[in-house]
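Q: Input: one structure, supplied below.
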Amino acid sequence: MSQDFPVVFALYPGVTQLDFTGPYEVLWRLPGARCVLASTTGQGIATPQGLRLEGLQRLSEVRECALLCVPGGYGCVQAMEDQEFLGELRRLAAGARYLSSVCTGSLLLGAAGLLRGRRAACHWAWRDGLRAFGAIPDEARVVRDGPVFTGGGVTAGIDLALSVMAEVAGEAHAQQVQLAIEYAPQPPFDSGRPERAPAQVLAAVEARMQGLRAERDQAIARAARRLQARG
């Protein structure tokens, strides 16, 4: 691989921090990696929990991108409406070797027109929204379709990053990184997937997410119409 491997994290207000900090912790260990955190304005942004992220670059000023990473988050609805943000995703994707997303970041790749005809993962609650962008929803935790790697919700970002690392630097290097960060999950409960969670747990989480559904579904429909208009 090249000595210089720029990894660009495309961020926006309301991003879920673990969606990108998990992959960041893995990917900065790629040989030659140069990790770039960038947003539309280059100004500091906040996560829904109040964590401030400063020192960002403007996406329009990023000239090199070997791997584009798009995280998800509550702010994905607004990001889906941000035509400058989606335009920068398209521009960076045109020159990138690989594209990737975590959680609802795949909806943003879809809204940018980068997932047509491709299988893709997403957070389980919003996976079906990918169909509006011509993508094929896949319930796997990490999905690869050509140069595009997509992951499920939040914690899947670490699995995704290790998968990308194995592709770029080889499985041996990826396994060494996995050991270095002691990534050996042993969750106290087996309720991390809807098909395995107790019925009452699933119902409670779905009820909380229902409040977000109308706004997200409407944003997806608008983004899909704009994408169709682009041809």
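Q: Mind listing P(r) for the range 1-55? All alpha-carbon pairs, 10 Å bins, whole percents.
A: Going from the shortest bin to the longest, the percentages are 24, 50, 23, 4.
Q: Could you give me the radius of gyration and the Dmax of the range 147-231, taking only the C-alpha atoms into account and expressing both in angstrom?
A: Looking at the range 147-231, its Cα Rg and Dmax stand at 18.3, 48 Å.
Q: Taking amide H positions as placed in the peptide plane 1.01 Å from N, state which residues far from residue 120 in sequence (5 or more) or on other chains have amide H under 5 Å from it.
A: Correct list: 136, 138.
Q: What is the diffusion coefficient of the range 25-82 in µm²/s, taking the Kirkwood radius over Cα pairs and the Stokes-Einstein relation at 25 °C with a viscosity of 0.890 mPa s?
A: Result for D is 189 µm²/s.
Q: Whole angstrom only: what separates the Cα centroid of the range 167-226 from the Cα centroid of the range 94-140?
A: That distance is 14 Å.
Q: Tell me what the chain gives for mean residue ellipticity at 222 nm when only DSSP H runs of n ≥ 4 count, each as -39,500 (n - 2.57), the sum divided by the residue total, rounded to 500 deg cm²/dmol. Before the final figure, lay out each step's value.
A: Details: 7 runs with 93 residues, N = 231.
So the calculated ellipticity at 222 nm is -13000 deg cm²/dmol.
Q: Could you calculate the contour length gain from residue 58 to residue 222, that is, 0.36 nm times the residue separation minus the distance between their Cα atoms, to one decimal place in nm?
A: Length gained, residue 58 through residue 222: 56.5 nm.
Q: Which cross-chain or sequence-distant (5 or more) residues have an amide H under 5 Å from the amide H of residue 57, H modelled 1.01 Å from N in plane?
A: Residues meeting the criterion, in which the H sits 1.01 Å from N, are 37, 38, 39.
Q: Taking the highest mean first, how do the peptides 88-97, 65-74, 170-179, 49-58 order by number of other beta carbon atoms within 10 angstrom per residue?
A: Highest mean packing first, the order is 65-74, 88-97, 170-179, 49-58.
Q: With N denoting the number of residues in the chain, provide Rg(C-alpha) divided by 2.2 N^0.38 Å, to two decimal places.
A: Expressed relative to 2.2 N^0.38 Å, the Cα Rg reads 0.97.
Q: In whole Hz and in residue order, list the ³J(HN,Hα) couplings for the range 95-107 that follow from phi through the Karplus curve 6.51 cos²θ - 1.76 cosθ + 1.60, θ = phi - 60°; x for Gly and Pro.
A: Result, rounded to whole Hz: x, 7, 7, 9, 10, 8, 8, 10, 6, 6, x, 5, 5.
Q: Quick one: Karplus J couplings for the range 13-29, per residue in order, coefficients 6.51, -1.76, 1.60, θ = phi - 60°, nearest Hz, x for Gly and Pro?
A: Once θ is set to phi - 60°, the couplings for the range 13-29 become x, x, 5, 7, 4, 5, 4, 10, 6, x, x, 4, 4, 7, 6, 5, 8 Hz.
Q: Right, something else. Could you calculate the FRET efficiency of residue 51 with residue 182 from 1/(1 + (r/R0)^6), where r is the beta carbon distance between them and R0 is 30 Å, rounded to 0.05?
A: Between residue 51 and residue 182 the formula returns 0.80.
Q: Still on this model: Using the Kirkwood radius built from alpha carbon pairs, what does the Stokes-Einstein equation give as D for the range 1-137 at 20 °C and 1.002 mPa s, in µm² per second?
A: Working: Rh = 14.8 Å.
Roughly 145 µm²/s, to the nearest whole number.
Q: Considering only DSSP beta bridges with both partners in the range 5-230, what is the antiparallel share in %, to the nearest 5?
A: Bridges in the range 5-230 are about 25 percent antiparallel.
Values in this text are rule-based calculations from the coordinates and carry no lab data. Since the structure is predicted, the reported quantities are computational estimates derived from the model, not experimental observations. All Cβ positions, glycine included, derive from the backbone under ideal geometry; neighbour counts span all protein chains shown.
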